[in-house]
Amino acid sequence: MIKKTLNKLVLYLGIFMMFGIMLFPDMRDIIGHVVGKVLDPLLLLLPLHMIIFILAAITGLYASLIQKYTMDWEMMRRVQDRMKNIQKEFRQAQLANNAQKMKKLETQRTQMMGDQMEMMKQQFKPMLYISIISIPLFFWVYLVIGNAPTATMVFPFWGERLLNEQLFGPFQHWLFWYFLCSIPVSQMTRKALNIGGM
């Protein structure tokens, strides 16, 4: 009972982190300052781009661990394999102009909608857990970058760039660097945990 209640509270917190911030934009700075109580000392020890690298690596690691233990990977693989087989058979039936088989496969595809909805639910839940840690870290970095507008780093092929400079759309260089660092750690962790075969 307590575990179920805690689980719901965590999920509601995740929903707030993902969507509530849009309704209360001032919360971004408040959350950034709260996280700063813990992370600000790092600014005296390391350059900002190295701190972003460490935070991104931690994000990649815990995101993979959360996905490992909150998702039914066997069910996901089973549904995906079944869907691939149905799509393959459907293409063959189309080429052979076999209307009866196409109709039968279309029925099977419709029956699988429930499984696909379950897959979507399975993927959404870990996102909420991950957002509880990731989004406050983003707010802190965003706040720090705003207070250090001259912070730069040297990117391969691009040379030195301001971290708060826009790369494309709303994406700034620091965010690109964050994702660039988190992806390899995430991929290695997923491979080690055998959850990378999706």
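The values are calculated or read from the model by the stated rules, or taken from the named source; none is laboratory data. From a predicted model like this one, the values you see are computed outputs, not experimental measurements. Counting neighbours? That spans all protein chains shown, and the Cβs are built from the backbone with ideal geometry, glycine included.
What about VAL79, is it assigned to a helix (DSSP H, G or I) and within 30 Å of ILE145 (Cβ to Cβ)? Answer is no for this residue. Checked across the stretch 71-85, the condition of being surrounded by 15 or more Cβ atoms within 10 Å (Cβ to Cβ) and either over 28 Å from the mean Cα position of the chain (by Cα) or charged (D, E, K, R) (or both) holds for no residue. Of all residues in the stretch 164-194, those satisfying the criterion of being buried (at least 18 other Cβ atoms within 10 Å of the Cβ) and within 18 Å of ALA57 (Cα to Cα) are HIS173, TRP174, LEU175, TRP177, TYR178, CYS181, SER182, VAL185, SER186, THR189, ARG190.
The one condition from (1) exposed (fewer than 14 other Cβ atoms within 10 Å of the Cβ); (2) part of a helix (DSSP H, G or I); (3) more than 28 Å from the chain's Cα centre (by Cα); (4) at pLDDT 80 or above that GLU89 does not meet is (1).
For (1) more than 27 Å from the chain's Cα centre (by Cα); (2) within 30 Å of ASN85 (Cβ to Cβ); (3) of a type in the set (S, T, N, Q), each residue gets a yes or a no:
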site: ASN97; (1), (2), (3): yes, yes, yes
site: MET102; (1), (2), (3): yes, yes, no
site: ARG109; (1), (2), (3): yes, yes, no
site: GLY114; (1), (2), (3): no, yes, no
site: GLN123; (1), (2), (3): no, yes, yes
site: TYR129; (1), (2), (3): no, no, no
site: TRP140; (1), (2), (3): no, no, no
site: ASN147; (1), (2), (3): no, no, yes
site: ASN164; (1), (2), (3): no, no, yes
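Any residue that is β-branched (Val, Ile, Thr), modelled with pLDDT under 90 and within 19 Å of LYS121 (Cβ to Cβ) - is there at least one of those in the stretch 46-59? Looking for residues that are β-branched (Val, Ile, Thr), modelled with pLDDT under 90 and within 19 Å of LYS121 (Cβ to Cβ), one finds none in the stretch 46-59, hence no. Looking only at the stretch 1-48, residues that are over 24 Å from the mean Cα position of the chain (by Cα), of a type outside the set (D, E, K, R), in a helix (DSSP H, G or I) and loosely packed, with under 12 Cβ neighbours inside 10 Å come to 4 in all. Kindly evaluate GLN94 against the criterion of being touching a helix residue (DSSP H, G or I) at 6+ places or on another chain (Cβ under 7 Å), assigned to a helix (DSSP H, G or I), farther than 17 Å from LEU137 by Cβ and without any contact (Cβ under 8 Å) to a residue 12 or more places away in the chain. When the stated conditions are applied, GLN94 passes them. Residues in the stretch 53-73 that are in a helix (DSSP H, G or I) and either at positive phi or charged (D, E, K, R) (or both): LYS68 only.
Scan the stretch 116-124 and give yes if some residue there is surrounded by 13 or more Cβ atoms within 10 Å (Cβ to Cβ), at pLDDT 90 or above, closer than 25 Å to MET18 by Cα and touching an Asp or Glu at 6+ places or on another chain (Cβ under 9 Å), otherwise no. No: the stretch 116-124 contains no residue that is surrounded by 13 or more Cβ atoms within 10 Å (Cβ to Cβ), at pLDDT 90 or above, closer than 25 Å to MET18 by Cα and touching an Asp or Glu at 6+ places or on another chain (Cβ under 9 Å). Close Cβ contacts (under 6 Å, 6 or more residues apart or on different chains) running from residues in the stretch 145-162 that are under 17 Å from LEU43 (Cβ atoms) and touching a residue at least 60 places away in the same chain (Cβ under 8 Å) to residues that are surrounded by 15 or more Cβ atoms within 10 Å (Cβ to Cβ) and not basic (Lys, Arg) comprise ILE145/LEU163; ILE145/ASN164; ILE145/TRP174; ALA151/LEU48; ALA151/LEU163; MET153/HIS49.
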